[in-house]
Structures are given as structure tokens and as C-alpha cells.
Amino acid sequence: MKTPEHALEATGFLDEESVARTMTNATCEDLERWWAEVSRRGTPVVDPGSDRVTFLWRGKHVRDDAEGAESVHLAMNRVTDKALYDHGLMRHVPGTDIWVRTLELEPSLRVSYAFTPMSPDQQRRSGPPRFNAYDSLLDPFNTGQPLVDRGRHGLSIHSGPAAPSQREWDDHRSRRLRGRIVRDVRALPHAEASGRARDHWLYLPSVMQNEHQAAHLPLLTIFDAENWFGNLWLPYALEAAADSGRIPPVAVLGIANNDTPDRIARLGANTGFLRDVAEHATAWAEDCARTVGIGLRGREGRIIAGQSLGGLSALVAALELPHAFGHALAHSPSLWWTPDGASKPHDLGTREGMDWITERYQASTPEDVSVEIAIGEREGLTVPRGRILHRTMLDAGWSSALTMYTGGHDFAWWRGAVVDGLARALRTEPHEERTSDSYFDPSMRSSIAPAQY
């Protein structure tokens, strides 16, 4: 009879049932050999013959150790969160330190995940995640670079065998950055009524230039800089993309948030804030670039990008500040938002008629700004609402493109979409529109998740 570790080596896959069947009450020696094989192979374990994927966590159960967990939750963006929370509850194998969960996942899915061991007196946390906090634990057997690395905490990534390439992000943290990063704490003059300053980040590539003419670079302005610079290391990936020829060297202006209320107030279609970013923050970036002999291109080479509320802000900037930006990348825009501040993400499920930003575009005069909307196929009602927005923009005469990614409301695919969008905006790659009605329908496997934060 084959031992469990030999079965894993032979088939390349173990599911919940086989793990429970072969490992219940395993000896300490068998457990150590089994975990050694898991560590050698890496996780998650993908079944080459189906869409099944198995995730494993090592930890004692409270029955066996007072410091152990009563349950472990596999927290996976829009796969096991919100209404789908119970899908992430892992199965404990009796008499062992093995927790296992097998899920059916699309081969093209790229998704972030982490583990949350729960003690008997610990309550499940509800609502949106805490600002810039990563409380769950990384997968110690995942051999890829984490999405967010905070020691034991952070977010791991599962990329299905058919997930689009993100080669710029492969081992990007091991690169030596040739460009420079400037960070300053600055208050924007009009939008910051309280006088509260915020982090401004600026990445300037290392470019060849002669003594008579400064290089003129495109400028990407992106929100949520505490993530893009502080957690995700965006400049390293952009240098890799430039080295491969996917994009030209691009300067990046990152605007950070101070906390969740600040983010909601500033990125909730706040025209005054956006105007300050376009005028004053951009002027600061130009001054910094000029000191090292770099010029920044005008509006035709300026891209504004954001995700979630930042995606909404990118749409508003294209609509109201077309003189400042030639391109807008709106990823998973918060279509639920309304000016009265009373709307919540779940309101998308009860709203009749068009969303606020869609109505704005329907009534608008088109401007010379290219807009790319990108949405995750697991984002529930944002998918059909986003299609309506895209069609409305086209009917109104705007240059709009819609791209669907297999994923949730998640930096795991947003980071790839930033590079994809830059390549198309800067004309180094054509846009391949993926907007057919054959997109993944989460109801085929589980209920549609509610609208997103």
C-alpha cells in the first residue's frame, strides 16, 4: 500500500477525502514525512485532470492543544468571503495537525488568499478590512512571492494554470531598482480643508539622456499609494516591463490615503481633490523630475489610474479634467457610490435605473480621453453594471474599452491590469476586447457575491 506522501508524488494531487482517509490519526513519523513532501511540492496543489485545487494549513486543533484553533478559515477574495464565507472553512483531519480544503476554481483565476485560525472565543470579523492591515497568515508552503509580505502575515497568490501572464511581477522584489523613489508628506491646498497632509510618492526611472535634451516620460498618477508603493513594489514591476519592451519607461506619482474615512472622503468623486492632484501634486512631480534632468509629457502622455473608489475617481477625472489626463484606467470602479454619501456596496442589488457615474456619462459631451474599464468576473453585480457603463460611454461617443479578468475585487489581478493598461494606453500593445457574454458566471458554482468595497 502506498503511503500518503508517495500518493502525492505519483498523482500530483490530494483532495479532502483522500487526505482524511489516509492521514487520520497518523503517527508523528508519517506526519513529518507527509508535510516534508508537501513542502517539497509546494501549495496549493492543483489537480491536472480537473478544476480542483487543494489548500493545506498546518496547526493543532484545540482538542489536542489548548493553544490550537477550533477552526481555520481559508480567506480567498470573492471566493470564500462575504456571503461565501462558509466555503472557506477548512476540514481538520482528526488526530493530526492537518487542515485541508478543496475547491473548484477556474483555471484562469488569479486570486489572493490567506489563512485565519480561529480560537473558540474568537469572533468572525465582519465588514470591510481594516485600513492597510493584513491580519491573516501567509501560506508557508506557497513557493511564489506573496502579494503582500508582512512577515508571517500578508496575502499569498494562487494563479491557475491558464491565468494570464504577469511576468513583470515574477520575482520583481529580487530586482535591484535602478530608478529613484521620492517620498514627501504634503498637504494639497484646496482639498485638504483640515490641513492634514498625506504621503506623495514619486518614482522616476533611470533613463539615458544627453546634456542638451532631457528625456520626456509618460506620467502615471495612481491612488492608494500606501499599497502600490508600500506593499506591492509597483516601480520594480514597471522597470521589468520596460526592460522587456512591453512599456516605455514611465514615471509614477502615487497619492496615499491616511485612513479609511480619509479614503472615502477623497476618492468619493471629490472633484476638488482630483483638481488638486492634477495641478499641485503633478507640479511637485514635475519639479522633482526636473531636478534630475527629466521632463514629463503633457496630457497625451498622462494616465490616471485607480481601483475600487480609486477607479470611480479615475472615471470622474476623465469626465471633469480632460485637459489634465489623456488616459484613464478604472479597475473595479465603485459603481454603487452616490453623492449623498448614503449608498453602500450592497445597494447595487436594489437600485433601479442607471448608476450615478453612468448617468453622468450618458449626459456628457465626449472628450479626447481614452478610458479602459477592467472588472473581475467574480465581482457580482459590478459585472453587468460595468457593461452598462461601458455601452453608455460608447453610445455617448467616448473612447471606452472593457476588459474582464478572472478574479475578484483584488490587487492580485489589478497589478497585472495596470501594466496591461499602460501598454495599451501608450500604444505598445493593441487592446484585445474581452467582453463577450461567455464570461464566468459565479452562480454556476456558488451564489453571486454582493457588490464590493
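FYI, it's all coordinate maths here, none of it is from the lab. As the structure is a computational prediction, the values presented were derived from the model and not from experiment. No Cβ is skipped: glycine too gets one built from the backbone with ideal geometry, and neighbour counts run over all protein chains shown.
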- Query: What are the residues whose amide H is under 5 Å from the amide H of residue 179, where those residues sit 5 or more places off or on another chain and H is modelled from the backbone?
  - Reply: 206
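Normalised by the number of residues in the chain, what is the relative contact order in percent for Cα pairs under 8 Å and 6+ residues apart?
Numbers: 884 pairs, mean separation 55.3, N = 453.
Once divided by the residue count of the chain, the mean separation gives 12 percent.
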- Task: Please express the Cα-Cα pair-distance distribution P(r) of the range 213-269 as a list of whole percents, one per 10 Å bin, running from 0 to the bin with the greatest distance.
- Result: 21, 42, 25, 11, 1
- Item | Rounded to 5, the percent of DSSP beta bridges in the chain classed as antiparallel | 55 percent
- Going by the alpha-carbon gyration tensor, a ≥ b ≥ c the square roots of its eigenvalues, is the range 92-141 rounded (a/c under 1.5) or, if a/c is not under 1.5, prolate (a/b greater than b/c) versus oblate? oblate
- Note on the structure: With the charge dipole of the chain built from beta-carbon charges (+1 for Lys and Arg, -1 for Asp and Glu) about the Cα centre, the Cα from 282, 271, 154 projecting farthest to the positive end belongs to 282
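Taking a ≥ b ≥ c as the square roots of the Cα gyration tensor eigenvalues, with a/c under 1.5 meaning rounded and otherwise prolate when a/b beats b/c, else oblate, which class fits the chain? Spell out each step's value before the answer.
On the way: a/c = 1.96, a/b = 1.65, b/c = 1.19.
Prolate shape, in that a/c is at least 1.5 and a/b is the bigger ratio.
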- Report the relative contact order of the range 114-201, percent, no decimals, based on alpha-carbon pairs under 8 angstrom and at least 6 residues apart. 18 percent
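Can you tell me the dipole magnitude for the range 224-312 around its Cα centre, using point charges on the Cβ only (Lys, Arg +1; Asp, Glu -1), in Debye to the nearest 20?
Values: 8 positive and 11 negative charges, 54 e Å.
It comes to approximately 260 debye.
Is it possible to state the helix-based mean residue ellipticity at 222 nm for the chain, with each DSSP H run of 4+ residues giving -39500 (n - 2.57), the sum divided by total residues, to the nearest 500 deg cm²/dmol? What is it?
When only DSSP H runs of four or more count, the value is -7500 deg cm²/dmol.
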- How large is ³J(HN,Hα) for each residue in the range 412-427, as worked out from phi by the Karplus curve 6.51 cos²θ - 1.76 cosθ + 1.60 (θ = phi - 60°), to whole Hz, x for Gly and Pro? 4, 9, 4, 5, x, 5, 4, 5, 4, x, 5, 4, 6, 5, 9, 6
- Along the dipole axis of the chain (charges at Cβ: +1 for Lys and Arg, -1 for Asp and Glu; origin at the Cα centre), the most positive-end residue among 295, 223, 327 is 295
- Query: Let a ≥ b ≥ c be the square roots of the eigenvalues of the Cα gyration tensor of the range 49-169; is it rounded (a/c under 1.5), or, if not, prolate (a/b larger than b/c) or oblate?
  - Reply: prolate
- Message: With +1 assigned to the C-beta of every Lys and Arg and -1 to the C-beta of every Asp and Glu, and no other charges, what is the dipole magnitude of the chain about the Cα centre in debye, to the nearest 20?
- Response: 620 debye
- Query: Among the chymotrypsin sites (Phe, Trp or Tyr not before Pro) within the range 119-208, which fall in a DSSP loop and have no more than 13 other Cβ atoms within 10 Å of their own Cβ?
  - Reply: 131
- Query: Between the range 280-301 and the range 105-157, how many Å separate their Cα centres?
  - Reply: 37 Å
- Computed about the Cα centre, the charge dipole of the range 41-112 from +1 Lys/Arg and -1 Asp/Glu charges at the Cβ has a magnitude in debye, to the nearest 20, of 140 debye
